[in-house]
Amino acid sequence: MAFPPAHLLIGAGFAEVVRATLPDPPPRWTAWAVGGCVAALPDVDIVLGILRGVGTAYHGTFTHSFAAVLVWALIACVAGGGRWAAVVGLGYASHLLVDLLDDSGPTNLMLWWPFSTDQAYSLGRFFPKVMLEGTGMRGMLVMLMRPEPLWDLLRQTLLAAACFAALLLLAAAIRRVRERRVEPAV
């Protein structure tokens, strides 16, 4: 499972890619904050499960689906227009992509919910899995302070930072291409 730092960084990077494609992009820092936050949003299902007393039973279910991406993009479109729908939709979808690239094999993602509850398999083993076996929030935090899980979290975050940098480079390349198309021929 990827942790919030990875989701935040990659969501912000995708927000910058969206900004590069728009003629009237939203402000950079706002787009990065929104993209990062909605990239971490699918894991709210963990909090919902804890509040309902079922632990992580909901994790990876309805919030980890293409239907959820569509719902949040539509909410953003109504609230802020198409440019925000693109930032929110791609930011939210980035969470699914990151979860599909972790080192877990079978995932808990139900991409086609509500039409299917089949769980997807990892597409690759890019992000190291952080093994937390503690019970409850306190137990998981204590487990995270051990060297191996802490090292895995650091590696996961550094890989996400490298992806963020690559997405910034992609956005810069998109801008250069767009500027060349707009420049008048000499």
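Please indicate, with yes or no, whether at least one residue in the stretch 75-83 is surrounded by fewer than 15 Cβ atoms within 10 Å (Cβ to Cβ), more than 21 Å from Phe3 (Cα to Cα) and of a type in the set (D, E, K, R). No - not one qualifying residue is present in the stretch 75-83.
Filtering the stretch 1-47 to residues that are within 15 Å of Ala73 (Cβ to Cβ) and not in a helix (DSSP H, G or I) leaves Leu22, Pro26. Residues that are surrounded by fewer than 24 Cβ atoms within 10 Å (Cβ to Cβ), touching a residue at least 40 places away in the same chain (Cβ under 8 Å) and charged (D, E, K, R) within the stretch 86-113 comprise just one, Asp102. Which of the residues spanning the stretch 15-61 are surrounded by fewer than 21 Cβ atoms within 10 Å (Cβ to Cβ), aromatic (Phe, Trp, Tyr) and at pLDDT 85 or above? Scanning the stretch 15-61 gives a single hit, Trp29.
The values are calculated or read from the model by the stated rules, or taken from the named source; none is laboratory data. Bear in mind that the values here come from a model prediction, so they are computed numbers and not experimental data. Don't worry about glycine lacking a Cβ; one is built from the backbone with ideal geometry, like all the others, and counts go over all protein chains shown.
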